[in-house]
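In what follows, a single structure is set out as structure tokens and then discussed.
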Amino acid sequence: MLLNIVWLVLGFVFLIKGADYFVAGSTALAKRMCIPPIVIGLTIVAMGTSAPEAGVSIASALNGSNAIAIGNVLGSNIVNIFFILGLCAILSPLAVQKNTVRYEIPFMGAITVLLGWVGMHFGNVSQLWAGIMLGIFALFLVYLFIVSRGTECELPDDKDIGAVKIALFILLGLVALVVGSKITVSSASDIARYIGVSERVIGLTIVAIGTSLPELVTSAVAARHGQTDIAIGNIVGSNIFNILFVLGIAGLILPIPFNPAFWFDTLVALLAVVLLWLFTVRHHRLTRGAGVVFVLIYLAYLVMLIAGK
């Protein structure tokens, strides 16, 4: 048991460092290609911080631990909004861009509903629906390109890393993510069997919190430095990426059974989106009071999960 915990922590270290290297290398490459900062933030940074979720869910699909795949995505999305945004708002009230309130948060809610409907109606995320999710994700990228037109790109300066380091960072990041995802899935499954809880609960709690650490670090640092719009943009982009891309890729590899117990978790994930929209729609800010409410809801959700096992 102790050895499995050590391996789990080591897996998280690989995932976090891998995401760090991947984000650094990919962001530098995007700047060299003159990709606007708004697109970098909503795609590369969001995807990079969600890379651990992608690695774990894809590895879970390959290993047949499908409950961890969906549990990791739903759990991470719940952690991202209720705990990470809640904590960041407590540290510093978060500003939210108009486009995020009008379009991206409702879109996040719509695809959460879609995931719940697919799971309830078909009982799994089939390869067909996985392909549809990836198609919707491609349309989301087109939307980001359209809204970014006319934005001045950020040209690289002398302090930016060179081409060799960019390639090295991206390669090291990908390798660390692959290794970390395999270690995490294997050790989490062993722990679940040892303590007698389901892979669903492990995926929704330990694995979800561990793979959400990059989002926590990125958003907390952004909030601390006054870049509060980045904090929410990163979380919204990560949640969209988790559902459409992560489950899309995992579902293409192997259809993912949707345990009826996940319907409750899907409702909690949808509640998080609805509350985020309600708290920000009028003044485009997530206040400290809202942050406290979010954290308390997440703690209550954890208690319900652990009590129900």
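No value in this document is a laboratory result; all are computed from the given coordinates. Just so we're clear, the structure is a prediction, and the values are computed from it rather than from any experiment. Methodologically, a virtual Cβ is constructed for each residue, glycine included, from the backbone with ideal geometry; neighbour enumeration extends over all protein chains shown.
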remark   = Two pseudo-spin positions, 7 Å from Cα along C-beta at Phe122 and at Val175, lie apart in nanometres by 3.8
Distance between modelled label sites at Leu296 and Leu134, nm, 7 Å Cα→Cβ extension = 4.4
ask   = Which peptide among 4-16, 84-96 comes first, and what is the full order, when sorted by highest mean count of other Cβ atoms within 10 Å?
value = 84-96, 4-16
